[in-house]
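Quick notes on the structure that follows.
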Amino acid sequence: MYTRTANGGAVGMLGTFSTVVRAENFTALWKGISPSMHRCIPSIGVYFASVHFLKSSIGKTDGTVSPLQALTIGASARSFAASSFLPFTVVKTRFESGRFHYKTVFQGLRSIWTSEGGKGLFSGLWATLARDAPFSALYLLFYTQSKQAVMRMTGEQQLPSSYNFPCGVVAGVLASVTTQPADVVKTRMQLQPQAYPSVVSTIAVVVRNNGLRGLLVGLAPRATRRTLMAAFTWAFYEEIVRIIDKGLQSY
């Protein structure tokens, strides 16, 4: 739903939901799930491996990070992961738009490569980095600061696992609102690269046609999706790290 809303479709999440179900069918709400799986699963692995490496390299000995370190780690890890899997993001976005009729992920990749070349597979790269790097940087900043604030309030040296998810939700909402304009720009550039050739021209067209409010179109579905996904994955990651560290200490 978010892709169609951000591209200037039906206004609002419920309006987009109704339009998609009425015009196609209920299963159309799951369009793009295959390229999403091809992108998300390995991308999340690369992202958390990068985060863990960077935290071990520049973080404090107790595992905490400063605000500046959180921003640096989040942005660097996400930039690497997002750049590596951008072709799958392009296919996912086109699958979800309903304008392209690729039968498989790899048929979509071949079609884009044949008709648009490498430029098509990496369309929206700078807009993607402008969205993903700040999102992950701000998410990690808000997440670590939320946890540290809770620890100060409770007096706990280490928070129980049940606190990770709520802290992740707070961080996800704040990061989503901040980076929404970049996501709108990225979506338009990937769906219509000829009409939206650059970040600056895309912003100009959106503002001219829809005003500044146009840069926040699709905030509700994106914030919901990104917040829950990030909160769940970070809670899972934290728990896995805790279990591994506990196991290593027992030897």
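The values are calculated or read from the model by the stated rules, or taken from the named source; none is laboratory data. Since this is a predicted model, take the numbers as computed values, not measurements. All Cβ positions, even for glycine, are placed from backbone atoms using ideal geometry, and neighbour counts span all protein chains on display. Calculation scope for accessible area: heavy atoms of the full protein, side chains included, ligands and nucleic acids excluded. Shrake-Rupley method; radii C 1.70, N 1.55, O 1.52, S 1.80 Å.
Descriptive notes on the structure:
- Filter result for Thr202 (at pLDDT 90 or above and closer than 29 Å to Phe95 by Cα): yes
- Residues of segment 138-189 that are among the aromatic types (Phe, Trp, Tyr) and either free of Cβ contacts under 8 Å to residues at least 12 places away in the same chain or in contact with an Asp or Glu (Cβ under 9 Å, 6 or more places away or on another chain) (or both): Tyr163 alone.
- Here Gln148 fulfils each of the conditions (1) closer than 19 Å to Ser136 by Cα; (2) in contact with a helix residue (DSSP H, G or I) (Cβ under 9 Å, 6 or more places away or on another chain) apart from (2).
- Note on segment 151-201: among residues that are outside any helix (DSSP H, G or I) and hydroxyl-bearing (Ser, Thr, Tyr), the one that is most open to solvent (accessible area, probe 1.4 Å) is Ser198.
- Checked against (1) in contact with a helix residue (DSSP H, G or I) (Cβ under 9 Å, 6 or more places away or on another chain); (2) at pLDDT 90 or above, Ala220 passes all but condition (2).
- Any hit, segment 232-244, residues being touching a residue at least 24 places away in the same chain (Cβ under 8 Å), under 19 Å from Thr89 (Cβ atoms) and either open to solvent by 20 Å² or more (accessible area, probe 1.4 Å) or not in a loop (DSSP other than H, G, I, E, B) (or both): yes
- Residue within segment 188-197 that is over 28 Å from Lys119 (Cα atoms) and aliphatic (A, V, I, L, M) present: no
- Among residues that are part of a helix (DSSP H, G or I) and either buried (at least 16 other Cβ atoms within 10 Å of the Cβ) or over 17 Å from the mean Cα position of the chain (by Cα) (or both), Pro221 is included.
- Test: residue in segment 156-177 that is under 18 Å from Ser79 (Cα atoms), among the polar types (S, T, N, Q), under 20 Å from the mean Cα position of the chain (by Cα) and modelled with pLDDT of 85 or more: yes
- In this structure, Tyr143 qualifies as closer than 23 Å to Ile41 by Cα and at pLDDT 90 or above.
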